[in-house]
1. Summing Lys, Arg as +1 and Asp, Glu as -1, what charge do residues with Cβ under 11 Å from the Cβ of A:GLU648 carry, A:GLU648 excluded?
2. Taking the alpha-carbon set of the protein assembly as shown, what are its Rg and Dmax in Å?
3. Run the numbers on region A:218-340 and let me know its relative contact order in percent, using alpha-carbon pairs under 8 Å that are six or more apart.
4. Along the charge dipole of chain A, Cβ charges K/R +1 and D/E -1, which of A:VAL171, A:GLY483, A:LEU272 sits furthest on the positive end?
5. Go through A:THR457, A:LEU130, A:CYS192 and say which Cα lies farthest out towards the positive end of the charge dipole of the protein assembly as shown; charges sit on Cβ, +1 for Lys and Arg, -1 for Asp and Glu.
6. Quick query: amide H of B:LYS29 versus all other amide H atoms, modeled in the peptide plane; which residues come in under 5 Å with a sequence gap of 5 or more or a different chain?
7. How high is the relative contact order of region B:207-290, in percent, counting Cα pairs under 8 Å that sit 6 or more residues apart?
8. Between A:ASP298 and A:GLU175, what FRET efficiency comes out of the Förster formula 1/(1 + (r/R0)^6) with R0 = 41 Å and r the beta carbon distance, rounded to 0.05?
Amino acid sequence: MEKKLIFEIGTEELPSSCLNEGITSLSNILSEKLAENRLGYDHVEVFGTPRRLITVVHGLKDMQDSLEKLVMGPPEKISYDANGKPTQAAIGFAKGLGIAVENLEKIKTDKGIYIGKKLFEEGKKTVEILPSILNECIFLIPFSKQMTWADWQIRFARPIRWILAVYGNEVLNVEIESLKSGKVTYGHRTLCPQPIQIDNSDELLKTLEEEGNVIVDGEKRKRVILSGIKAIEEQFEKENIKVIINEDLLDEIINLVEIPNVLIGNFPEEFLQLPRDILIKAIEYHQRYFAAVNEKGDVVPKFIVVQNGVSDKNREIIKGNERVLKARLSDASFFYSEDKKNSWEKWIEKLRGVIFYSKLGSMYDKELRLEKISEKIISELNNKGFNISDRYYDFSGRASLLCKTDLVTDLVVEFPELQGVVGREYAKERNENPEVCEAIFEHYLPRFYGDILPKTTTGTIVSIADKIDTITGMFLAGAIPSGSEDPFALRRRALGIVLSIFEKGYDINIADMVKYNVGLYEGFLKQDKEKSSEIIQEIVDFIIARFKFTFEKDGKRTDLIDAVTAAGIFSLLDINKRYEAILKIISDGKMDEITLPMIRCKNIVKGRNFTEINPQLLKEDNEKDLFKILLLKYEKIKNLNFQNKYDESINEVIDFRTTVDNFFDKVLIMDKTEEIKNNRINLVKKAMDLYMLIADFSKIYAQ
Amino acid sequence: MDFQEIIFNLQKYWADKGCIIKQPLDLEKGAGTFNPDTFLRCLGPEPWKVAYVEPSRRPTDGRYGENPFRTQYYYQFQVLLKPSPDNVIDMYLGSLSNLGIDLKSHDIRFVEDDWASPTIGAAGLGWEVWADGMEITQFTYFQQMGGIPLKPVSAEITYGLERIALYLQDKDSFWDLAWTNDITYADVHLESEKQWSVYNFDVANIEMLLDLFDKFEKEFENAISHDLVYVACEYVLKCSHVFNLLDAREAISVSERTLYIARVRNLAKTMCAAYIAQREKLGFPLLKNK
């Protein structure tokens, strides 16, 4: 028999991001647990509202599948002695299975007769197993923000207030601390505060919607919101009003309401004098309203609010929201008009007084560094064949100088979320080049995981420069992220660098940039030379770690990245190309041709000192051979690498194996004469360095 | 409903829910959280239920009485429930109904707002509560105080009294609120708001404040060295308020700011740990009432 399982975790209002995390992970966790427990089902659906996560398992079988398996033991001949008595091997095996030794069976295989046992585990009733599975699911949801409440031990996104678990018409017993599951759910917080009883698992969603005023399915809430918006657009057909659907905002609003009610309100026309983007942001951000435009694309003095509920007093709700928006917009326009009285010069002057970070100088100092780093990025890219014209030196210089100024504008001080947007708008008003205006906004990108990346050349370059500068500065000042502590979001910044580089294909050597950047901090921080090279390495590793993180998420092998970076390669694109080439060798099954001889070299040179090879001291043919081929291959591989032809340069080292093997087989390294011995070690070191031109292959895990 | 009736109403409501009703702390502080009835009582295992009005001072929020929504002196109504009851949100919504807000026909929203006060090493998770878009309450489950994880967890409900009054009286400015039938909020507070704004931003004696900070910090040490936790607590608040005034006077640079915050936090940490130790020595007397 198959029945439907419904499992509802009732909570206090979940943040939107937690709701998404909960839906995704519950579905995965439960599917996994059901499979693990041999429970057959048709499909799993997970829904969520601010106050609940609901899992529906369709067509769940009422019996667990039985388990039949064969456990193999030792060969028969060592299991019984000459008299047919069980040996220690058989006794131990039977004991391990928890059965009497007489119950062991003989099993024929290709390799002869073995002892073993066919085990049969009968499937249990689904209702017996489900409670512990559901209980586990609650604990396994990995919310990124968790809390505790009262004297409960469990951590969850927000307090859990009820659990409903019904299979068919049977209530399952799930217990979390003092909370016991049942067949009771709750509807909308204010519209239907009383408990609702659910007797059959088929009823839940329907009853919640009809009695409880809760639309469980987020997709459906989205449709209701969109059709509500459409109805309003039709209502204002004459004015030709179009609501700006900001998708991120829409996704958030869906998670803020259990039943959406779309309303339209007005704000005074005087606020239309605010620049378009600032006005729209001010409408959207704090209050989660949608803005609207007319056919010309100008903002109209109306806003859309999505209420959580259905009300007979729409007018009052609208009025309340109008009052709040009016106050927000009067703040914004007051500060905007104050800002109009100011100039770049004044703001830049003010920036000198804003500390970037203790001991790292002012924001103005930061801007000067950005200008220099941007310059270096452009010249490095041009050295590598990018044709970035000279105008971009001016653009990035100007954008660097202006990009932080909006931090001291009154509008951003009051509405920090407008940073970047205000900078761009004020730059437009002050007739800066469009490339510069855009770069001012874009240099903050990405602002969060999954955010858009800069599109303009200048925006990308200044964005990379800014992120390198912040990471470098924080490391120098000792504000290094540890564990879950990353107050300056350095990991997100590092990831931003990686993503921008790949987006644009900018071949930037991270190590060079960081080193240059560290130099720019001289005069702010006392640095001792030795320590600073350590820190440079730490910073580079930190950025590379984000690169590995994205790689790992794509299911790629991080040991290959370690191998390449160990050879001193710090251009992400270059690393990627070498990665691809090495991967190809692995899939061709030729990796041993490189790693085996290389490891042989490595073992010889470990812990020794080296000098130049003296060709006069080369005595035997095989060592002369090795030397000659080494010199040839050095030039060849360097050349091929320069042209990014890694497939070919790897073939060169594969081809190198015979030479190395012959040398090791025929030449005795540990010669009696010290000079000759040392010369041979130097030769081996040189051979190892040849491999290192591509990667430290010895770091690659054998499969 | 008059401004003062809102206070009577909330006091009665929470008294009926088992809270003791206390009066404000007779010291300057930025929020009801700093009152030892929250600051200290949220620590350790003992239960505590309290409600009180808290006049709160935030010197940088002064606007010379020209902003309708923002003042350097305003009133919070603070409720602390420890441990947080299972039906705490229903209790809270009940208080709104009791104030005459028809929950069914208005849009009451719990919008994620996690709270942290680095100055006192405190953090919590919760919401701002919106009524038709207006933020009227901060609702927080304390997770940490003075850097110490809290168990049991308290629920802190902080009503913004002026905002609730705006909503209930359908007014657009604090100044227009009816304190009683014939006295407005402006009658009570506008002149002092102007004077304090001038003082906070333009007049306060910076040298004296810098000196006071150091002295208060020293006196904290003196008090704590004699195990006088409640006295020490007041010196944490004094330091914190002096710091806020210095901030309003723009007397401290951004980097110094971090250092001052760290100094106050250290005092708070020391004091919180000392408070728990002291209650433990007393055998956590309030556990007996459980």
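The values are calculated or read from the model by the stated rules, or taken from the named source; none is laboratory data. Here the structure is a predicted model, which is why all the values come from computation and not from measurement. With ideal geometry, Cβ positions are generated from the backbone for all residues, glycine too; neighbour counts draw on all protein chains shown. Side chains included, ligands, DNA and RNA excluded: accessible areas come from the protein's heavy atoms. Shrake-Rupley method; radii C 1.70, N 1.55, O 1.52, S 1.80 Å.
1. For residues surrounding A:GLU648, the net value is -1.
2. Final numbers for Rg and Dmax: 34.9, 112 Å.
3. 30
4. Selected residue: A:GLY483.
5. Comparing the listed Cα positions along the dipole, A:LEU130 ranks first.
6. B:ARG57
7. RCO, region B:207-290: 30 percent.
8. Efficiency, rounded to the nearest 0.05: 0.10.
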